[in-house]
Amino acid sequence: QKEVEQNSGPLSVPEGAIASLNCTYSDRVSQSFFWYRQYSGKSPELIMSIYSNGDKEDGRFTAQLNKASQYVSLLIRDSQPSDSATYLCAVQRGGGNKLTFGTGTQLKVEL
Amino acid sequence: GAVVSQHPSRVICKSGTSVKIECRSLDFQATTMFWYRQFPKQSLMLMATSNEGSKATYEQGVEKDKFLINHASLTLSTLTVTSAHPEDSSFYICSARVAGGAYTEAFFGQGTRLTVV
């Protein structure tokens, strides 16, 4: 079982729709969770961080965390073509520890 | 977010030569920096964790004598790929974590695309 699992996609959504990206992790002691966006040929860019159960909203992005189910998700509202990228889920055991990345989900927002 | 600068962004070198990649945190101190490698259409693979003033911790399967890491200050870490071969061609990315606190985010440099010919 992979430590961090994501559906590789591609996930295709029409412009203006909500994109839902999911991630599960295996290490129950994980404390910190991150979503990164990576455009082709570029390095990852931090989108959201979440540390406690529930929802965290930032603009069009909402991160959701359920530690009991070991599940973290990212919702993108009003999806735009510029949101088309690979979204990486990353999990950290505790402060100062390394990040473990999923393989990423490719999102395509179509006109 | 915090700014991490990585240089060079792209390098082509001959097989057998060495290449140095720099990673700088521009507006914060980073006690820990991470070096990743990413092959096309694959996720980031952690190569090593670099702590300021101490030896780097390498992930299993990463040759420490081939990938030399130096973290001499709180704002600079370097990765040197020694005796590069074509199979070392990849996208190398550093990230730096803001010092202090239990929950700190990691920010990435722009990445270095290495091509060994």
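The values are calculated or read from the model by the stated rules, or taken from the named source; none is laboratory data. Remember, it's a predicted structure, so these values are computed and weren't measured experimentally. All Cβ positions, glycine included, derive from the backbone under ideal geometry; neighbour counts span all protein chains shown. Please note that ligands, DNA and RNA were not included when accessible areas were found on the heavy atoms of the full protein model with its side chains. Shrake-Rupley method; radii C 1.70, N 1.55, O 1.52, S 1.80 Å.
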Original post:
Based on the Cβ-Cβ distance from A:GLU3 to B:SER15, what FRET efficiency comes out when R0 is 41 Å, to the nearest 0.05?
Top reply: 0.75
**OP:** Could you tell me what percent of the accessible area of the range A:1-62 is made up of carbon and sulfur, with a 1.4 Å probe and every protein chain present?
**Re:** 44
Subject >> Relative contact order (%) - chain A, alpha-carbon pairs under 8 angstrom, separation at least six >> reply: 38
Subject >> Dipole magnitude (debye, nearest 20) for the protein assembly as shown, charges at Cβ of Lys, Arg, Asp, Glu >> reply: 420
Subject >> Expected-Rg normalisation [2.2 N^0.38 Å, Cα atoms] applied to the range B:1-92 >> reply: 1.06
Original post:
For the range A:60-111, with the dipole built from +1 on Lys and Arg beta-carbon atoms and -1 on Asp and Glu ones, taken about the Cα centre, which of A:THR86, A:TYR71, A:THR103 lies farthest toward the positive end?
Top reply: A:TYR71
**OP:** For B:LYS64, go through the lysines and keep the ones whose alpha-carbon is under 23 Å away, minus same-chain ones fewer than eight residues off.
**Re:** A:LYS98, B:LYS14, B:LYS20, B:LYS55
Subject >> Heavy-atom accessible area ranking, 1.4 Å probe, most first, across B:PHE91, B:PHE39 >> reply: B:PHE39, B:PHE91
Original post:
Which lysines does A:LYS108 reach when only Cα atoms under 21 Å apart count, and residues fewer than 8 places away in its own chain are ignored?
Top reply: A:LYS42, B:LYS41
Original post:
For chain B, which cysteines have no disulfide-compatible partner, meaning no other cysteine Cβ under 4.7 Å?
Top reply: B:CYS13
Original post:
Anyone know which of B:SER25, B:SER77, B:SER15 comes out most mobile in the 10 Å Cα GNM of chain B?
Top reply: B:SER15
Original post:
Put +1 on the Cβ of every Lys and Arg and -1 on every Asp and Glu Cβ in the protein assembly as shown; which of B:SER95, B:LEU26, B:SER15 then has its Cα farthest towards the positive end of the dipole?
Top reply: B:SER15
**OP:** Average the reciprocal distances over every distinct pair of alpha-carbons in the range A:36-111, invert the result, and give the Kirkwood radius in Å.
**Re:** 13.4
**OP:** Would you mind telling me which residue in A:ASN97, A:ASN22, A:ASN53 has the biggest mean-square fluctuation in a Gaussian network model of chain A, where springs connect alpha carbons within a distance under 10 angstrom?
**Re:** A:ASN97
Original post:
Taking the convex hull of the alpha carbon atoms in the protein assembly as shown, what volume per residue do you get, in Å³?
Top reply: 123
Original post:
Per-residue mean of other chain beta-carbon atoms within 10 angstrom of the beta-carbon, peptide A:25-32?
Top reply: 1
Original post:
Between A:ILE18 and B:GLU59, what FRET efficiency follows from the Cβ-Cβ distance if R0 is 35 Å, with the result rounded to 0.05?
Top reply: 0.45
Original post:
So if R0 is 22 Å, what FRET efficiency would B:HIS7 and B:GLU87 give, r being the distance between their Cβ atoms, rounded to the nearest 0.05?
Top reply: 0.40
**OP:** Might you report the magnitude of the Cβ-based charge dipole of the range A:24-99 about its Cα centre, with Lys and Arg at +1 and Asp and Glu at -1, to the nearest 20 debye?
**Re:** 260
